[in-house]
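*Asks:* Below you'll find the structure I mean.
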Amino acid sequence: METATKSLENDHVQILRLIDIMELAIDNTEPDVRNLQMMVDLIKNYADGYHHAKEENLFFPLLAKRGFSEEQGPIAVMLHEHVLGRNYVKGMTEGLENYQNGNKISLGAIYKNMHGYIELLRGHIAKENNILFKMANNALSEQDHKDLLQQFKQIETDGLQGGTIGDFLNQIETLSETYHL
Ligand SMILES: [Fe+2]
Ligand SMILES: [Fe+2]
């Protein structure tokens, strides 16, 4: 059976690829800014705009209906980590703006925020895959998974900021070739 947690895990595979690419790009003193911008845009539009929307707007609320607390425990921790992730993204975005305005020293801030994001997201995804999703699979019915999958699909149909899922996956593929991942 296709499950909602499997769909989220599949997103994680792509997000982890993106993170591996970022790690390869970090600490280059002569970076290709367009590629760094593409990575930040993918985090914003795919990892956060799409994947975290699936979790925050659909998956976590259904888990709450099935008895999970949103104020403490794994969901609260996951929500908090999404916020921490957005702070790193803000740091990367500001750093890139400054860099493009000629402030070369801000490259350090870009890489620092990328490092932080990589570390945070690796731990975050491991917790979701290994702990939260296993708990969720015990709590959700077959119908719950079906409903969630349909709602996930609807997010795509409604349209996403910055492109389609196909566009995002193509961009990750292009970046992985560029950085020889
Ligand atoms: Fe998450
Ligand atoms: Fe996730």
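The values are calculated or read from the model by the stated rules, or taken from the named source; none is laboratory data. Keep in mind that this is a model prediction, so the values were computed, not measured. Backbone-built Cβ (ideal geometry, glycine too); neighbour counts: all protein chains shown. All accessible areas refer to the heavy atoms of the entire protein, side chains included, with ligands and DNA or RNA removed. Shrake-Rupley method; radii C 1.70, N 1.55, O 1.52, S 1.80 Å.
*Asks:* It is to be established whether one or more residues within the stretch 136-151 are open to solvent by less than 40 Å² (accessible area, probe 1.4 Å), under 25 Å from ASP32 (Cβ atoms) and within 16 Å of ligand 1 (Cβ to nearest atom).
*Replies:* Scanning the stretch 136-151, I find no residue that is open to solvent by less than 40 Å² (accessible area, probe 1.4 Å), under 25 Å from ASP32 (Cβ atoms) and within 16 Å of ligand 1 (Cβ to nearest atom), so the answer is no.
*Asks:* Would you mention how many residues in the stretch 68-93 are within 16 Å of HIS51 (Cβ to Cβ) and either more than 14 Å from ligand 1 (Cβ to nearest atom) or open to solvent by less than 80 Å² (accessible area, probe 1.4 Å) (or both)?
*Replies:* Pass one, the stretch 68-93, residues within 16 Å of HIS51 (Cβ to Cβ): 75, 78-79, 81-86, 88-89.
Okay, now just the ones that are also either more than 14 Å from ligand 1 (Cβ to nearest atom) or open to solvent by less than 80 Å² (accessible area, probe 1.4 Å) (or both), so 75, 78-79, 81-85, 88-89.
Count: 10.
*Asks:* Which numbered condition in (1) of a type outside the set (S, T, N, Q); (2) open to solvent by 70 Å² or more (accessible area, probe 1.4 Å); (3) in contact with a Leu (Cβ under 9 Å, 6 or more places away or on another chain) is the only one that GLU128 fails?
*Replies:* Every listed condition holds for GLU128 apart from (2).
*Asks:* Report whether or not ASP48 is surrounded by 18 or more Cβ atoms within 10 Å (Cβ to Cβ), within 13 Å of ligand 2 (Cβ to nearest atom) and more than 28 Å from GLN143 (Cβ to Cβ). Outline the logic, then answer.
*Replies:* Working: surrounded by 18 or more Cβ atoms within 10 Å (Cβ to Cβ): yes; within 13 Å of ligand 2 (Cβ to nearest atom): yes; more than 28 Å from GLN143 (Cβ to Cβ): yes.
Yes; evaluated as a whole, the condition is true for this residue.
*Asks:* Identify, from the list SER106, SER69, the residue that is away from ligand 2 (no atom under 16 Å from the Cβ) and more than 23 Å from THR3 (Cβ to Cβ).
*Replies:* SER106
*Asks:* Residue by residue through the stretch 1-51, note down the ones that are outside any helix (DSSP H, G or I) and more than 18 Å from LEU120 (Cα to Cα).
*Replies:* Once the filter is applied, which keeps residues that are outside any helix (DSSP H, G or I) and more than 18 Å from LEU120 (Cα to Cα), the stretch 1-51 yields MET1, GLU2, THR3, ASP27, ASN28, THR29, GLU30, PRO31, ASP32.
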